[in-house]
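Encoded as structure tokens, the structure appears first; notes follow it.
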Amino acid sequence: MTSPETFFGGAPEALASAPGRVNLLGEHTDYNDGFMLPVATPQRTSVALARSHDDNHHFYSGTLDGNVTFAAKGGSAPQGFGSYIEGCIRLVEATGVEVPPLRVFVTTNLPVGSGLSSSAALEVATLRALRQLLNFELDDVKLAQIAQRAEIDYAHVNCGIMDQMASSLCDERSMLFIDARTLEHRLVQMPPDTELIVIDSGMPRTLAASKYNERRAECEEASRKLGVQALRDVTDPALVEQLPDVLRRRARHVVLEDLRVLEAAEGVSAERFGELMNASHDSLRDDYEVSIPELDQLVDALRATPGVLGARLTGAGFGGATVALCRAGQASQAAQAALSTYNKNGRQGRILIPVSSQGKENNEPV
Ligand code: GLA
């Protein structure tokens, strides 16, 4: 494994990091111009940069694909972690900034493929490091927009804006209320005396990409039939009942999920917040149909655990992680209890938050 000192032949010229995100409420609402409430993960991705002494870009990541080298002018990175970094570089160049050939060293303790937006963290950390090295003007919202473009155009994932906004603007202590249409955002206090539990179901998100695009298309069709620009514009939930089945259930999820976020963002009790999370999961399972049996089992195990106030899948679904709201001081114990119930049937779940002391020790450059 290459060390940063060996890779750079000394110290890097710029170093930045960015977190992943856990969405607490507002799932599949961003591409419907709606609302959401993510928080940052304690796990982060770091990007170190220096000018290269040849005409090539050189990217290195021990945890991801290893080495990537290509011509800074005219070359391109193969698909993999390099395409996210290349996307950020090319999009910064497109704003008129001259980017020299670079050496880029990536380290992360964010799990990849668990649905905590490790790709958004890589994009945001790369853009922060580029901004630091080249000293150009770029505010944090614009940065999130460029990061999202990098994901769509270079990694070919047709995502909304939530993950990049969260990675660019969230902290670990507060939720970030985001309006996906206007990109207005504000920090909102976490429900009082609570902690989060995030558990990876161990199920790969195999169907996620194709089903995600299918859901987006269904929402667009529902908007067309209702004569609105986006489902965010439907403020009376009764209106969706006129739609044919499937579209009706998809639209109902989005419209009610927006209302849940708006209620939670006003500040509700921890108990009420937990109920809203439960309602969100049930809606994602029954109306939006993006859950899988393993996520439902994990959510049920969490809900049955003392101290847990509410639990749901987080992110796009079809595998990945769950998030639960728990009374303060009880998260480690509750997470262990729910995990051992879930893992009884040979499942490979693992706790991502709270980060164990062992996990903290593992937080080494890789
Ligand atoms: C993925 C996408 C986000 C969002 C969520 C679902 O994480 O990247 O833009 O649509 O799914 O809420």
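The values are calculated or read from the model by the stated rules, or taken from the named source; none is laboratory data. Note that the structure is predicted; figures quoted are calculated from it, not measured. Please note: Cβ atoms are built from the backbone with ideal geometry, for glycine as well, and neighbour counts cover all protein chains shown.
Taking the conditions (1) in contact with a strand residue (DSSP E or B) (Cβ under 9 Å, 6 or more places away or on another chain); (2) farther than 27 Å from residue 290 by Cβ in turn, residue 80 satisfies each one other than (2). Starting from residues that are within 13 Å of the ligand (Cβ to nearest atom) and over 14 Å from residue 34 (Cβ atoms), keep the ones in region 157-184 and report whichever is surrounded by the fewest Cβ atoms within 10 Å (Cβ to Cβ). Only one residue tops the list, namely 158. Residue pairs whose Cβ atoms lie under 8 Å apart, separated by 6 or more positions or on different chains, with the first residue in region 1-26 and acidic (Asp, Glu) and in a loop (DSSP other than H, G, I, E, B) and the second buried (at least 19 other Cβ atoms within 10 Å of the Cβ) and at pLDDT 95 or above, are 13/49; 13/50; 13/133.
Here residue 180 meets the list (1) under 21 Å from the mean Cα position of the chain (by Cα); (2) within 29 Å of residue 142 (Cβ to Cβ); (3) modelled with pLDDT of 95 or more; (4) assigned by TED's automatic domain parsing to the domain that holds residue 306 almost entirely, failing just condition (4). All of (1) away from the ligand (no atom under 15 Å from the Cβ); (2) in a helix (DSSP H, G or I); (3) free of Cβ contacts under 8 Å to residues at least 12 places away in the same chain hold for residue 240 with one exception: (3).
For region 312-360, the candidate set comprises residues that are touching a Pro at 6+ places or on another chain (Cβ under 6 Å) and of a type in the set (Gly, Ala, Ser); within that set, the residue that is surrounded by the fewest Cβ atoms within 10 Å (Cβ to Cβ) is 332. Within the option set 303, 249, 285, being under 20 Å from the mean Cα position of the chain (by Cα) and either free of Cβ contacts under 8 Å to residues at least 60 places away in the same chain or assigned by TED's automatic domain parsing to the domain that holds residue 174 (or both) holds for one residue only, 285.
Does at least one position in region 67-75 carry a residue that is among the aliphatic types (A, V, I, L, M) and under 17 Å from the mean Cα position of the chain (by Cα)? No, region 67-75 contains no residue that is among the aliphatic types (A, V, I, L, M) and under 17 Å from the mean Cα position of the chain (by Cα). Residue pairs whose Cβ atoms lie under 9 Å apart, separated by 6 or more positions or on different chains, with the first residue in region 316-335 and within 15 Å of residue 27 (Cβ to Cβ) and outside the structural domain of residue 112 (by TED's automatic domain parsing) and the second aromatic (Phe, Trp, Tyr) and within 12 Å of the ligand (Cβ to nearest atom), are 316/212; 317/212; 317/288; 318/212.
Check 47, 39 and return the single one that is in a strand (DSSP E or B), within 30 Å of residue 184 (Cβ to Cβ), within 16 Å of the ligand (Cβ to nearest atom) and not polar (S, T, N, Q). So the residue among 47, 39 that is in a strand (DSSP E or B), within 30 Å of residue 184 (Cβ to Cβ), within 16 Å of the ligand (Cβ to nearest atom) and not polar (S, T, N, Q) is 39. So is residue 257 among the acidic types (Asp, Glu), at pLDDT 95 or above and under 16 Å from residue 23 (Cβ atoms) or not? The answer is yes for residue 257.
Only one entry in 328, 334, 324 is more than 16 Å from the ligand (Cβ to nearest atom) and closer than 18 Å to residue 21 by Cα, namely 324.
For region 134-156, what are the residues that are of a type outside the set (Gly, Ala, Ser), closer than 12 Å to residue 84 by Cβ and either touching a Leu at 6+ places or on another chain (Cβ under 7 Å) or surrounded by 18 or more Cβ atoms within 10 Å (Cβ to Cβ) (or both)?
Step one: list which residues in region 134-156 are of a type outside the set (Gly, Ala, Ser), which gives 134-143, 145-146, 148-149, 151-154, 156.
With closer than 12 Å to residue 84 by Cβ added as a condition, the list becomes 146, 148-149, 151-154, 156.
Once the filter is applied, which keeps residues that are of a type outside the set (Gly, Ala, Ser), closer than 12 Å to residue 84 by Cβ and either touching a Leu at 6+ places or on another chain (Cβ under 7 Å) or surrounded by 18 or more Cβ atoms within 10 Å (Cβ to Cβ) (or both), region 134-156 yields 146, 148, 149, 151, 154.
Please enumerate the residues belonging to region 123-156 that are assigned to a loop (DSSP other than H, G, I, E, B), within 16 Å of the ligand (Cβ to nearest atom), touching a Ser or Thr at 6+ places or on another chain (Cβ under 8 Å) and more than 10 Å from residue 91 (Cβ to Cβ).
155
Just to be sure before I move on: is residue 203 of a type in the set (A, V, I, L, M) and either away from the ligand (no atom under 16 Å from the Cβ) or surrounded by fewer than 18 Cβ atoms within 10 Å (Cβ to Cβ) (or both) in the structure I sent? So residue 203 fails the test.
Here residue 2 fits the description: at pLDDT below 95 and either touching a helix residue (DSSP H, G or I) at 6+ places or on another chain (Cβ under 8 Å) or away from the ligand (no atom under 16 Å from the Cβ) (or both).
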